[in-house]
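K.L.:
Below is a structure I'd like to ask you about.
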Amino acid sequence: MSQRITYQQELQALHQRMIRMGSAVEEAIHMAILSLIDIDVEMAKKVIAKDDEIDDFERSITQDCIMLIARQQPVAKDLREITSDMKLITDLERMGDHAEDIAKHVLNISRSEKKITIPYDVIQLSNQTKAMIHAALDAYVSRDLEQAKSVILMDSKIDKLYQNMKKYLKKQMRLDPENVDPLVELLLISKHLERIGDHAENVAEWIVYYIEGEYATSSEIKKEIKQERKKQEQADQE
């Protein structure tokens, strides 16, 4: 078997492990959100325990990437793929950390003497965050440039939902001072969801970089998309 074939097999194996890590992160976030909706203590504990699995993925995949670079000395697109993966798994691992933090806040809420209703806007923010992560992972699996760019656009909606949620919770703290502690926990949970969206956006950026071969920030990509849409609208009107 040639060295090149072996190398491609190793890259494919790396790709599959990335997908498994992404699935583990997506599951952790889904479980964290379920634990929040139901204030499910046992589910929250499972999320916290699952973080070790995600950390193990991050360490082992990083090591494999370093070994591939050392043994094969890849160039051009191959090197871009490996370096993109190394950046991407850092964002995945941090998403897992945020899921764990959400679960810890759920445990804090469960211990509170005051019982609160989870606002619908928190659920909406959770659902939008899950959709963004799923789309980012799909874009990675399929190497879909347009889908990766669409993920970057999704972040603006999450930021808006978070800002609205923050204003609402601060208002509730003033109106209901006896429930300040669990409301603060909800505010922190909302921030973790917003940060997960930021990391999903980063994942999409690295996918765009891998495919196009040139790094661009999310702001630059958003500007490019808007310009392309404007040109298309002008062409449709002619």
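The values are calculated or read from the model by the stated rules, or taken from the named source; none is laboratory data. Computed from a predicted model, the values in this text were never measured in an experiment. Cβ: placed from backbone, ideal geometry, glycine included. Neighbour counts: every protein chain shown.
K.L.:
State yes or no: is GLN124 in a helix (DSSP H, G or I), in contact with a Gly (Cβ under 9 Å, 6 or more places away or on another chain), within 30 Å of LEU153 (Cβ to Cβ) and not small (Gly, Ala, Ser)?
P.N.:
It is false that GLN124 is in a helix (DSSP H, G or I), in contact with a Gly (Cβ under 9 Å, 6 or more places away or on another chain), within 30 Å of LEU153 (Cβ to Cβ) and not small (Gly, Ala, Ser).
K.L.:
May I pose another question? Any idea how many residues of segment 1-52 are part of a helix (DSSP H, G or I) and more than 14 Å from the chain's Cα centre (by Cα)?
P.N.:
Here the count works out to 34.
K.L.:
Among LEU193, LEU175, LEU153, LEU187, which is the only one that is over 26 Å from GLU58 (Cβ atoms) and modelled with pLDDT of 95 or more?
P.N.:
Within the list LEU193, LEU175, LEU153, LEU187, the selection yields LEU187.
K.L.:
Taking segment 140-173 as the region of interest, how many residues are in contact with a Leu (Cβ under 8 Å, 6 or more places away or on another chain) and in contact (Cβ under 8 Å) with a residue 60 or more places away in the chain?
P.N.:
1
K.L.:
Could you list, in sequence order, the residues of segment 183-238 that are among the polar types (S, T, N, Q) and touching a residue at least 24 places away in the same chain (Cβ under 8 Å)?
P.N.:
Selection gives SER190, ASN202, SER218.
K.L.:
Also, quick follow-up: Do you know which residues across segment 46-69 are farther than 20 Å from HIS105 by Cα and among the hydrophobic types (A, V, I, L, M, F, W, C)?
P.N.:
PHE57, ILE61, CYS65, ILE66, MET67, LEU68, ILE69, listed by residue number.
K.L.:
Would you call ILE118 over 13 Å from HIS199 (Cα atoms) and among the aliphatic types (A, V, I, L, M)?
P.N.:
yes
K.L.:
Hey, ILE116 hits all of (1) hydrophobic (A, V, I, L, M, F, W, C); (2) surrounded by fewer than 17 Cβ atoms within 10 Å (Cβ to Cβ); (3) modelled with pLDDT of 95 or more but one; which does it fall short on?
P.N.:
Result: ILE116 fails condition (3) only.
K.L.:
Would you mind stating whether ILE118 is of a type outside the set (Lys, Arg), in a loop (DSSP other than H, G, I, E, B) and either in contact (Cβ under 8 Å) with a residue 24 or more places away in the chain or under 26 Å from ARG229 (Cα atoms) (or both)?
P.N.:
Here the answer is yes, as ILE118 does meet what is asked.
K.L.:
Now a separate question. For the structure I just gave you, tell me whether MET67 is under 16 Å from ILE19 (Cβ atoms), aliphatic (A, V, I, L, M), without any contact (Cβ under 8 Å) to a residue 60 or more places away in the chain and surrounded by fewer than 19 Cβ atoms within 10 Å (Cβ to Cβ).
P.N.:
In short, no.
K.L.:
For segment 2-57, which positions are β-branched (Val, Ile, Thr) and touching a Ser or Thr at 6+ places or on another chain (Cβ under 9 Å)?
P.N.:
ILE29, ILE33, ILE37, ILE39, VAL41, VAL47
K.L.:
Identify, by number, the condition in (1) exposed (fewer than 13 other Cβ atoms within 10 Å of the Cβ); (2) within 17 Å of LEU88 (Cβ to Cβ) that ASP52 doesn't meet.
P.N.:
(2)
K.L.:
Could you pull out the residue among ILE82, ILE61 that is touching a residue at least 60 places away in the same chain (Cβ under 8 Å), over 30 Å from ASN179 (Cα atoms) and not in a loop (DSSP other than H, G, I, E, B)?
P.N.:
Being touching a residue at least 60 places away in the same chain (Cβ under 8 Å), over 30 Å from ASN179 (Cα atoms) and not in a loop (DSSP other than H, G, I, E, B) holds for just one of ILE82, ILE61, which is ILE82.
K.L.:
Among the numbered conditions (1) assigned to a helix (DSSP H, G or I); (2) among the acidic types (Asp, Glu); (3) farther than 23 Å from ILE211 by Cβ, tell me where ASP91 comes up short.
P.N.:
(3) is the only condition that ASP91 fails.
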